[in-house]
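Quick notes on the structure that follows.
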Amino acid sequence: MLELFDNYQLQVEQVLPYGFVEQADSFLYRCPLMDQTFELELRIKEEQITFKVWDLETGEEYIQVKQPQMTGQFVGQVRKACQAVFLDIRKHCFRQKNFLYEQSERLIQHVAEKYQAQLEYLWAKSKRKSSSQAGVLRHEGTKKWYGLFMTTDWSKFKSQEQGKIEVLNVKSDQVAELLEKKGIYPAFHMNKKYWLSLPLDDSLSDQEIYELLATSFQLTKKK
């Protein structure tokens with residue numbers, strides 16, 4: 001489960017406000033799980049993350065949660081509860097790293113600052129280590145998408161070109177007009193009538209990207 005933190009960098013200044021306790025050589029976070037049946041203990045030491053789940057009735061470690069061969073319904077519920085905590089910690093205390101393009105890094109930083117959001121990888125094969133990464137930007141309440149970040153191949157946009165490219169898909173109410181502009185393409189993998197693909201290779205300025213994302217954010221807000 002800790003692979004959720006792959007290619008994420010700890011933001012040390014965020015851990016204490018989140019609720020971690022600083023110890024001699026590490027940061028420790030504890031929280032109850034499943035109506036206080038269990039307690040999750042997560043430790044960060046020199047950017048290495050470890051965790052334990054304690055059975056509060058017996059006082060013993062519930063090691064089944066770490067054993068892949070354990071596939072029962074109950075252990076699955078415990079894993080799901082742990083994962084929810086891990087994702088929340090990742091959202092508030094980590095940031096992504098290792099993008100192909102500097103513009104992608106700047107975009108993710110902008111999203112964190114303006115929308116208090118991070119990319120969410122909803123599909124197991126779309127983790128940052130995968131060759132087909134896809135992460136979404138979603139509204140906090142409705143979970144509606146306002147952006148889709150993908151790593152794909154240039155050939156999806158220019159048949160004569162090859163190689164990896166990072167793109168951001170955004171919703172627009174001016175698709176036809178914007179497709180006349182260099183650096184903007186019909187959306188890959190989404191409804192081309194309403195969405196656009198924006199390569200993050202500095203073909204467009206940061207400000208242009210941010211404005212198009214802001215429009216997408218507004219168009220996808222709950223009415």
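A few points about this structure:
- For the chain, modelled as a GNM whose springs connect Cα atoms under 10 angstrom apart, the maximal fluctuation among ILE63, ILE44, ILE209 occurs at ILE63.
- As a rough footprinting exposure proxy, the listed residues GLU102, GLU113 were ranked by other beta carbons within 10 Å of their own, and the order from fewest upward is GLU113, GLU102.
- Label of the coordinate-derived value, Rg and Dmax of the Cα atoms in Å, listed as (1) 20.1, 66; (2) 23.9, 98; (3) 18.3, 59: (1)
- Rounded to the nearest 20 debye, the dipole magnitude of the chain is 960 debye, with +1 charges on Lys and Arg beta carbons, -1 on Asp and Glu beta carbons, and the Cα centre as origin.
- Seen from LYS52, the other residues with C-beta closer than 15 Å to its C-beta sum to a net charge of 0, counting Lys and Arg as +1 and Asp and Glu as -1.
- Theoretical FRET efficiency, 1/(1+(r/R0)^6), r = Cβ-Cβ of THR142 and GLN14, R0 25 Å, to 0.05: 0.45
- DSSP-defined beta bridges in the stretch 10-66 - what % are antiparallel, rounded to 5: 100
- Legend: calculated FRET efficiency, HIS110 to LYS193, from the Cβ-Cβ distance at R0 = 35 Å, rounded to 0.05, equals 0.85.
Every number in this text was worked out from the coordinates using simple rules, so none of it is lab data. Bear in mind that the values here come from a model prediction, so they are computed numbers and not experimental data. Using ideal geometry, Cβ is built from the backbone for each residue, glycine included, and neighbour counts are taken over all protein chains shown.
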